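Undergrad: Take a look at this one; I'll ask things after.
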Amino acid sequence: MVKITPDPYLQLKDLQLQLGILINNSLIHIKKSTIWFRYLASGGSQISLAIAYRISPSSVCVILRETLKA
């Protein structure tokens, strides 16, 4: 929900922040699903996934554990 403020600049900044949060959440979801799919399809190591996606190996482990638990 966009706050109504008298200053249009503040309204624009608030909208940009909200859109940024929405975009970031969807990108995180896409990246997680891409990581687990690539892990299952390629049979590669978690280290190679961490290097390819530029995240830490422990983050790859957490993502795989979360997504493959279901």
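Undergrad: So what are the ³J(HN,Hα) numbers for the range 35-46, from phi and the Karplus equation (6.51, -1.76, 1.60; θ = phi - 60°), rounded to whole Hz, Gly and Pro as x?
TA: For the range 35-46, the Karplus-derived couplings read 5, 5, 5, 5, 5, 5, 6, 8, x, x, 7, 5 Hz, x marking Gly and Pro.
Undergrad: Let me ask something else about it. Quick one: 3J(HN,Hα) in Hz for the range 52-59, Karplus 6.51/-1.76/1.60 with θ = phi - 60°, rounded, Gly and Pro as x.
TA: The phi angles translate into 5, 9, 6, 10, 6, x, 5, 5 Hz.
Undergrad: Between Ile47 and Ser59, what is 0.36 nm times their sequence separation minus the Cα-Cα distance? Round to one decimal in nm. Show your work: numbers first, answer last.
TA: Numbers: separation 12, 0.36 × 12 = 4.32 nm, distance 1.04 nm.
The Ile47-Ser59 span can extend by a further 3.3 nm.
FYI, it's all coordinate maths here, none of it is from the lab. Model, not experiment: these values are computed from the prediction.
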